[in-house]
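Structure first, then comments.
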Amino acid sequence: MSGPAPRPVVVVGDLMVDVVARMAAPLAVGSDTPARVRSRPGGAGANVAAWLAVAGAPVTLVARTGDDDAARAAVARLAGHGVTPAVAVDPSLATGTCVVLVAADGERSMLPDAGANAALAPADLPDGAFARGAHLHLTGYPLLRDGPPRAAALEALRRARGVGMTVSLDPSSAAPLEALGPDRFLALAGEVDLLVPNRDEALTLASASDPQAAARALCAYAREVVVTLGAEGALWTDGGSVLDAPAATAGPVADTTGAGDAFTAALAVALAEGRSTDDAVRFAAAAGAHAVSIAEVIPALARRSDIERLLND
C-alpha cells in the first residue's frame with residue numbers, strides 16, 4: 001500500500017565504474033585467487049538514484065564523469081530507469097573506478113579511484129532542481145573530499161536549506177570518516193532530517209561501541225537516525241523511541257555491494273509516502289534484501305513490485 005506520490009529528490013554523489021572480483025576462496029595475499037570479474041556501473045550517488053527511481057520517486061542525479069564510453073553507458077542506463085541525469089563531463093579526468101573484492105560469503109572490500117568525482121564543483125549543481133517541496137539526498141563522499149567536491153556538497157546543503165527542502169545524509173564510509181574526523185564531518189554537514197549510517201559509520205561518528213547508543217547520540221545532529229546492521233536488520237530512533245527492524249530475506253546472498261544504497265532510497269520514498277516508521281523501515285529492508293539477492297548495484301530489471309512482494313511474503 002502506498003500514500004501520496006513521493007516528492008522530487010536531488011541526489012548529489014558519485015558515479016563510478018565498479019570492477020567486481022567475486023572470489024572463489026579467501027584472498028591469497030601475494031599469490032593467485034580464482035575469481036569471476038566483471039565491470040558494471042556503480043557509485044553511491046548513482047546507486048541511490050537508481051533505486052529511488054525503482055521505488056517510484058522522481059529523481060535527479062548530480063555527479064561528474066569522464067568523457068568516456070563507461071560514463072555514457074552508465075548515464076544511459078540510469079536514464080532508462082527514469083533518473084534525470086545532471087551529470088557534468090570532465091575534459092581531462094576519467095570516470096571514477098572502484099575495484100570491489102567480494103568474498104565467498106558476499107562481504108566486500110573496496111579500492112576506489114575517485115577520478116572525475118574528485119572534481120565535482122558548485123557549478124555542476126543545476127539551478128532548477130533545488131525547490132521547495134523537494135528533498136536533497138547527499139552521499140558522504142563529496143563532503144569527505146577536500147576542495148571542489150566539499151564546496152559542491154556545502155553549496156547543495158545551503159541551497160536546499162534556503163528553500164526549505166528536507167535533507168538526508170549517508171556518511172558513506174567509516175575509514176574516510178575516521179581520517180577526516182567525525183566531529184568535523186558532523187560540523188560540516190550541520191543538522192539534517194535523516195542520517196543513515198551503517199554500523200561502522202555510526203560507531204565511528206558517535207565514538208561508541210553499541211549501535212543503539214550511537215544512534216541516540218547522533219540524534220543531536222539529525223531529526224531521525226537509521227543505522228543499517230546488515231544481516232541483523234536496522235534500527236531507527238528519533239532520540240526517544242527506538243525501533244528494531246529485522247532483515248528481510250530474498251534468497252542466497254549474491255553480493256552485499258549497494259544494499260545500503262537500496263535501503264536508503266526505499267526508506268526515503270516510503271517516508272515521503274507517509275508510511276509509518278515501522279512500515280518504512282521494513283520496506284527499506286526488503287529493498288536491501290532484493291539488492292543483495294540480485295547482485296545489481298544499478299538494478300537492471302528490478303521493479304517496485306519485487307520489493308513489495310518481499311515485504312508481503
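The values are calculated or read from the model by the stated rules, or taken from the named source; none is laboratory data. Given the structure is predicted, the values throughout are model-derived calculations rather than measurements. Cβ atoms come from the backbone with ideal geometry, glycine included; neighbour counts cover every protein chain shown. Surface areas here come from the heavy atoms of the whole protein model, side chains and all, with no ligands, DNA or RNA. Shrake-Rupley method; radii C 1.70, N 1.55, O 1.52, S 1.80 Å.
Quick notes on this one:
- Strands (runs of 3 or more DSSP E) within the range 6-87 that include 1 or more residues surrounded by fewer than 18 Cβ atoms within 10 Å (Cβ to Cβ): 16-23, 35-42
- Tally, over the range 168-202, of residues that are open to solvent by less than 50 Å² (accessible area, probe 1.4 Å) and not β-branched (V, I, T): 23
- Residue in the range 229-243 that is at pLDDT below 95, more than 24 Å from A49 (Cα to Cα) and of a type in the set (A, V, I, L, M) present: yes
- Scope the range 166-218; condition in a loop (DSSP other than H, G, I, E, B) and farther than 21 Å from S241 by Cβ; matching residues: P171, S172, S173, G181, G190, S207, S209
- Filter result (under 16 Å from the mean Cα position of the chain (by Cα) and crowded, with 24+ Cβ neighbours inside 10 Å) within the range 141-150: Y141, P142, L143
- Criterion (open to solvent by 20 Å² or more (accessible area, probe 1.4 Å) and at pLDDT 95 or above) met by exactly one of A104, A121: A121
- Residue count for the range 272-285 satisfying the condition of being modelled with pLDDT of 75 or more and part of a helix (DSSP H, G or I): 9.
- Residue match in the range 155-165 (condition: assigned to a strand (DSSP E or B) and crowded, with 23+ Cβ neighbours inside 10 Å): no
- Among the residues making up the range 88-109, those that are assigned to a strand (DSSP E or B), out of contact with any Gly (no Cβ under 9 Å at 6 or more places or on another chain) and touching a residue at least 24 places away in the same chain (Cβ under 8 Å) are A88, V99, L101, V102, R108.
- In the range 203-249, residue nearest to L154 (Cα to Cα) [restricted to those that are open to solvent by 60 Å² or more (accessible area, probe 1.4 Å) and among the acidic types (D, E)]: D238
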